[in-house]
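Worksheet: the structure to be examined is printed underneath.
Taken together, the values in this text are just the output of simple stated rules run on the coordinates, not laboratory data. The structure displayed is predicted, hence computed values, not measured ones. Heads up, the Cβs are rebuilt from the backbone with ideal geometry, glycines too, and the neighbour counts pull from every protein chain shown.
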Amino acid sequence: MGKIKTAKQMERHLKGMANHYRIQILLSIADGEGITLENIVKTLGANEKTIGEHARRLHQAGLVNKKYRGKFVEHTLSPYGKTFVSFLKSFQRAQ
C-alpha cells in the first residue's frame, strides 16, 4: 500500500476537480484517452480559452497528463485522475 496522503495533498486534488467543467473534462478524457483540447471543446461545446484554463488546472492538480504532438496536446488521466473518475462515476449513480 502506498504512502498516506496529507490533508494538504488531498486538498490539492479535490480543489483541482471542484468545477463542473473540470468534472466534464475528466469524464471526457476517461471516455477517450489521448483526446486533444480541440476535441474536448467540441464535446463540451464551450469556449476554448475556458476549457484550456480548466485543463491546465487539472494538470497542475496532478489529475491529467499532457503529451505534446506537434501543435496538438493529448490528454490522459494520471493514476490519481483515474481514481477520481472512478469516484465520480460511482457518485453519479449513487442515490
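Below is a table of values for the structure above.
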| quantity | calculated |
| --- | --- |
| 31 Å Cα-Cα threshold exceeded, pairs from 3/71; 8/66; 3/42 | 3/71; 3/42 |
| For the range 8-90, with +1 on Lys and Arg beta carbons and -1 on Asp and Glu, the positive-most of 60, 28, 43 along the dipole | 60 |
| Given charges at beta-carbon only (K, R positive; D, E negative), |dipole| of the range 8-90 in Debye | 240 |
| Partners for residue 89 among aspartates and glutamates (Cα-Cα distance below 15 Å; same-chain residues under 8 apart left out) | 31 |
